[in-house]
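Here, each number is a calculation from the coordinates, and none is a lab measurement. Since the model is a prediction, treat every value here as computed from it, not as a measurement. Methodologically, a virtual Cβ is constructed for each residue, glycine included, from the backbone with ideal geometry; neighbour enumeration extends over all protein chains shown.
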Amino acid sequence: MVEKVEHNNALLAIIIRSNYQKEGISFFTPDDFSQQLGYMNRKKGYIIDPHVHRLVERKVTLTQEVLYVKTGKVLVNFYDNDKNYLEARIIETGDVILLADGGHGFEMLEDSEMIEIKQGPYVGEEDKVRFKH
């Protein structure tokens with residue numbers, strides 16, 4: 001199952017639940033997103049031709065991040081860009097979430113391990129504005 005979290009026509013997040021399954025390849029993000037998120041399900045023996053990626057200059061103005069919940073359960077709180085609370089969702093073992101816009105915060109509901117993927121280079125605290133819930 002795939003869930004979208006939206007507010008005022010803005011896509012805040014895409015959640016791909018651990019039970020999602022589909023043949024072939026599917027991308028969940030629009031082509032203009034700086035972080036592309038897809039799913040691939042191929043049969044044994046399927047070959048992806050070897051390839052290299054061309055040097056293409058890209059301009060990234062908004063950090064988008066992907067979290068994979070390796071183990072545990074996490075409450076994700078969503079906020080608009082003015083720091084107003086909107087809603088919450090729970091993600092758990094095997095789920096993947098793309099955080100695309102707006103604000104977000106997390107509460108670990110269980111001991112949790114997550115893998116985070118986002119654009120670089122890393123600029124430390126210059127990258128975010130922290131606020132209280």
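Listing for the model above:
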{"read-out": "Label-point gap, in nm, between TYR68 and ARG42 - each point 7 angstrom along Cα→Cβ", "value": "1.6"}
{"read-out": "Among ASN41, LEU62, ASN81 - extreme Cα towards positive end, dipole of the stretch 6-96, charges at beta-carbon", "value": "ASN41"}
{"read-out": "Extreme residue, positive dipole direction of the chain, given options ILE117, ASN19, ALA100 (C-beta unit charges)", "value": "ASN19"}
{"read-out": "Directionally averaged projected area (convex hull, Cα atoms, the stretch 1-64), nm²", "value": "6.3"}
{"read-out": "Cα-based shape type of the stretch 74-121, given that a ≥ b ≥ c are square roots of the gyration tensor eigenvalues and the cut on a/c is 1.5", "value": "oblate"}
{"read-out": "Only Lys, Arg (+1) and Asp, Glu (-1) charged, at Cβ; the stretch 1-49 dipole about Cα centre in debye", "value": "360"}
{"read-out": "Cα-based Rg of the chain normalised by 2.2 N^0.38 Å, two decimals", "value": "1.15"}
{"read-out": "For MET114, residues with placed amide H under 5 Å, excluding near neighbours", "value": "LYS70"}
{"read-out": "Packing-based order for 93-102, 72-81, 116-125, 41-50, using average beta carbon neighbours within 10 Å, highest first", "value": "93-102, 72-81, 116-125, 41-50"}
{"read-out": "Count, lysine Cα pairs under 26 Å in the chain, 8 or more residues apart or across chains", "value": "29"}
